[in-house]
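Working notes, beginning with the structure itself.
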Amino acid sequence: MTEHIVSSQAYAKAVLHCAKYPWATVHGLFLTEHQDGKTRYVDAIPLAHTWPQLTPMFDVAVQQASIYAQSKQLSIGGYYVAYEDPADIQLSASSALLATALLAAGDRVVAFVIDAQQLTPESTRPGLIPFIGGDSQWKEQPGAFGEGKGS
(Lines give C-alpha, C1' and ligand atoms only; values in the text may rest on other atoms or scores of the structure.)
Protein backbone atom coordinates (compact mmCIF):
# COMPACT_ATOMS: atom_id res chain seq x y z
CA MET A 1 0.00 0.00 0.00
CA THR A 2 1.25 3.46 -0.90
CA GLU A 3 2.24 5.63 2.03
CA HIS A 4 0.33 8.92 2.16
CA ILE A 5 2.07 11.98 3.58
CA VAL A 6 0.11 15.22 3.92
CA SER A 7 2.19 18.36 4.36
CA SER A 8 1.31 20.89 7.03
CA GLN A 9 0.54 23.45 4.32
CA ALA A 10 -1.90 21.20 2.47
CA TYR A 11 -3.58 20.08 5.71
CA ALA A 12 -3.88 23.63 7.04
CA LYS A 13 -5.37 25.00 3.82
CA ALA A 14 -8.03 22.28 3.71
CA VAL A 15 -8.89 22.61 7.39
CA LEU A 16 -8.98 26.41 7.27
CA HIS A 17 -11.28 26.22 4.25
CA CYS A 18 -13.57 24.03 6.35
CA ALA A 19 -13.34 26.43 9.31
CA LYS A 20 -14.08 29.51 7.21
CA TYR A 21 -17.40 28.06 5.99
CA PRO A 22 -18.69 25.80 8.80
CA TRP A 23 -22.30 26.12 7.56
CA ALA A 24 -21.51 24.79 4.09
CA THR A 25 -20.11 21.75 2.37
CA VAL A 26 -16.67 22.74 1.11
CA HIS A 27 -14.43 20.93 -1.28
CA GLY A 28 -11.08 21.31 -2.96
CA LEU A 29 -8.11 19.56 -4.47
CA PHE A 30 -4.79 18.29 -3.17
CA LEU A 31 -1.70 18.66 -5.32
CA THR A 32 0.74 15.78 -5.08
CA GLU A 33 4.17 14.58 -5.93
CA HIS A 34 5.11 10.90 -6.12
CA GLN A 35 8.55 9.74 -5.00
CA ASP A 36 10.01 6.53 -3.63
CA GLY A 37 6.62 4.79 -3.58
CA LYS A 38 5.16 7.58 -1.46
CA THR A 39 2.44 10.05 -2.31
CA ARG A 40 3.07 13.48 -0.82
CA TYR A 41 0.17 15.91 -0.68
CA VAL A 42 2.10 19.17 -0.79
CA ASP A 43 -0.57 21.81 -1.37
CA ALA A 44 -4.34 22.30 -1.42
CA ILE A 45 -6.54 24.37 -3.67
CA PRO A 46 -9.89 25.28 -2.13
CA LEU A 47 -12.55 25.12 -4.84
CA ALA A 48 -15.96 26.03 -3.48
CA HIS A 49 -18.43 26.17 -0.67
CA THR A 50 -21.52 26.62 -2.80
CA TRP A 51 -21.82 23.84 -5.40
CA PRO A 52 -21.06 20.32 -4.19
CA GLN A 53 -22.20 18.69 -7.45
CA LEU A 54 -20.47 17.91 -10.71
CA THR A 55 -20.94 21.03 -12.83
CA PRO A 56 -19.20 22.82 -15.69
CA MET A 57 -17.78 25.16 -13.02
CA PHE A 58 -16.05 22.17 -11.41
CA ASP A 59 -14.60 21.14 -14.78
CA VAL A 60 -13.19 24.62 -15.36
CA ALA A 61 -11.74 24.76 -11.84
CA VAL A 62 -10.05 21.38 -12.34
CA GLN A 63 -8.59 22.49 -15.68
CA GLN A 64 -7.16 25.65 -14.12
CA ALA A 65 -5.81 23.70 -11.14
CA SER A 66 -4.23 21.18 -13.50
CA ILE A 67 -2.43 23.92 -15.43
CA TYR A 68 -1.18 25.42 -12.17
CA ALA A 69 -0.06 22.02 -10.87
CA GLN A 70 1.87 21.26 -14.06
CA SER A 71 3.67 24.61 -13.77
CA LYS A 72 4.92 23.45 -10.34
CA GLN A 73 5.75 19.88 -11.53
CA LEU A 74 2.87 18.53 -9.42
CA SER A 75 -0.35 16.72 -10.23
CA ILE A 76 -3.88 16.66 -8.90
CA GLY A 77 -3.81 13.63 -6.63
CA GLY A 78 -6.55 14.24 -4.15
CA TYR A 79 -10.01 15.63 -3.55
CA TYR A 80 -11.22 16.79 -0.16
CA VAL A 81 -14.67 17.49 1.19
CA ALA A 82 -15.96 18.72 4.55
CA TYR A 83 -19.68 18.53 5.17
CA GLU A 84 -21.78 21.06 7.04
CA ASP A 85 -22.72 18.31 9.51
CA PRO A 86 -19.54 17.48 11.51
CA ALA A 87 -20.86 13.97 12.19
CA ASP A 88 -21.00 13.20 8.45
CA ILE A 89 -17.75 11.38 7.66
CA GLN A 90 -18.73 9.15 4.74
CA LEU A 91 -18.12 10.03 1.11
CA SER A 92 -21.51 11.11 -0.27
CA ALA A 93 -22.74 10.09 -3.72
CA SER A 94 -22.19 13.59 -5.13
CA SER A 95 -18.68 13.79 -3.65
CA ALA A 96 -17.91 10.34 -5.05
CA LEU A 97 -18.96 11.59 -8.51
CA LEU A 98 -16.58 14.55 -8.21
CA ALA A 99 -13.74 12.27 -7.11
CA THR A 100 -14.53 9.81 -9.92
CA ALA A 101 -14.30 12.66 -12.44
CA LEU A 102 -10.78 13.33 -11.14
CA LEU A 103 -9.96 9.62 -11.22
CA ALA A 104 -10.84 9.57 -14.92
CA ALA A 105 -8.19 12.24 -15.53
CA GLY A 106 -5.47 10.59 -13.41
CA ASP A 107 -4.85 7.12 -12.07
CA ARG A 108 -3.80 8.04 -8.53
CA VAL A 109 -6.51 10.09 -6.87
CA VAL A 110 -7.57 9.70 -3.26
CA ALA A 111 -10.74 11.29 -1.88
CA PHE A 112 -10.56 12.64 1.66
CA VAL A 113 -13.39 13.50 4.02
CA ILE A 114 -12.44 16.01 6.69
CA ASP A 115 -13.53 14.67 10.07
CA ALA A 116 -14.28 17.87 11.96
CA GLN A 117 -14.66 15.95 15.21
CA GLN A 118 -10.94 15.09 15.06
CA LEU A 119 -9.86 18.72 14.67
CA THR A 120 -9.23 19.24 18.36
CA PRO A 121 -5.97 19.56 20.32
CA GLU A 122 -6.85 16.39 22.24
CA SER A 123 -7.25 14.23 19.15
CA THR A 124 -4.51 11.75 18.33
CA ARG A 125 -6.07 10.78 15.00
CA PRO A 126 -5.72 12.70 11.75
CA GLY A 127 -8.66 14.81 10.65
CA LEU A 128 -8.64 13.28 7.17
CA ILE A 129 -10.35 10.03 6.23
CA PRO A 130 -9.00 8.64 2.94
CA PHE A 131 -11.16 6.81 0.40
CA ILE A 132 -9.64 4.87 -2.48
CA GLY A 133 -11.55 4.51 -5.76
CA GLY A 134 -11.84 1.25 -7.60
CA ASP A 135 -14.40 -1.26 -8.86
CA SER A 136 -16.79 1.67 -9.49
CA GLN A 137 -16.96 2.56 -5.78
CA TRP A 138 -14.94 4.38 -3.15
CA LYS A 139 -13.81 2.50 -0.05
CA GLU A 140 -12.48 3.92 3.18
CA GLN A 141 -8.83 3.09 3.83
CA PRO A 142 -8.54 2.89 7.61
CA GLY A 143 -5.03 3.34 8.93
CA ALA A 144 -3.68 4.89 5.72
CA PHE A 145 -1.83 7.43 7.85
CA GLY A 146 -1.08 5.06 10.72
CA GLU A 147 -2.68 5.40 14.12
CA GLY A 148 -1.51 8.41 16.08
CA LYS A 149 0.14 10.12 13.13
CA GLY A 150 -0.90 13.59 12.16
CA SER A 151 -0.31 15.39 8.94
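Once a ≥ b ≥ c are taken as the square roots of the eigenvalues of the Cα gyration tensor of segment 28-90, is the result rounded (a/c under 1.5), prolate (a/b larger than b/c) or oblate (a/b not larger than b/c)?
Judged from the Cα gyration tensor, segment 28-90 comes out oblate (a/c at least 1.5, b/c at or above a/b).
Once you wrap a convex hull around the alpha carbon atoms of the chain, what is its projected area averaged over all directions, in nm²? Intermediate values should be presented prior to the final figure.
Numbers: hull surface 33.4 nm².
Across all orientations, the chain yields a mean hull projection of 8.4 nm².
Lysine pairs in the chain with Cα distance under 24 Å, only those 8 or more apart or on different chains: how many are there?
7
For the chain, which whole percent of the accessible surface, found with a 1.4 angstrom probe, sits on carbon and sulfur atoms?
54
Towards the positive end of the charge dipole of segment 1-66, with charges on Cβ (+1 Lys, Arg; -1 Asp, Glu), say which of Ser7, Thr25, Tyr41 has the farthest Cα.
Result: Thr25.
Let me make sure I get this right: for segment 1-67, a, b and c are the square roots of the gyration tensor eigenvalues over alpha carbons, sorted descending. Under 1.5 in a/c it's rounded, otherwise prolate if a/b > b/c, else oblate. Which is it?
oblate
List the residue ranges in the chain for DSSP H helices whose C-alpha atoms run 20 angstrom or more along the long axis and whose Kyte-Doolittle average is -1.0 or above. Write down the numbers at each step before the final one.
Working: long enough: 56-71 (23 Å, 0.28).
Correct list, ordered by number: 56-71.
The values are calculated or read from the model by the stated rules, or taken from the named source; none is laboratory data. None of these values were measured; they are calculated from a predicted model. Backbone-built Cβ (ideal geometry, glycine too); neighbour counts: all protein chains shown. Accessible surface areas use protein heavy atoms only, side chains included; no ligands, DNA or RNA. Shrake-Rupley method; radii C 1.70, N 1.55, O 1.52, S 1.80 Å.
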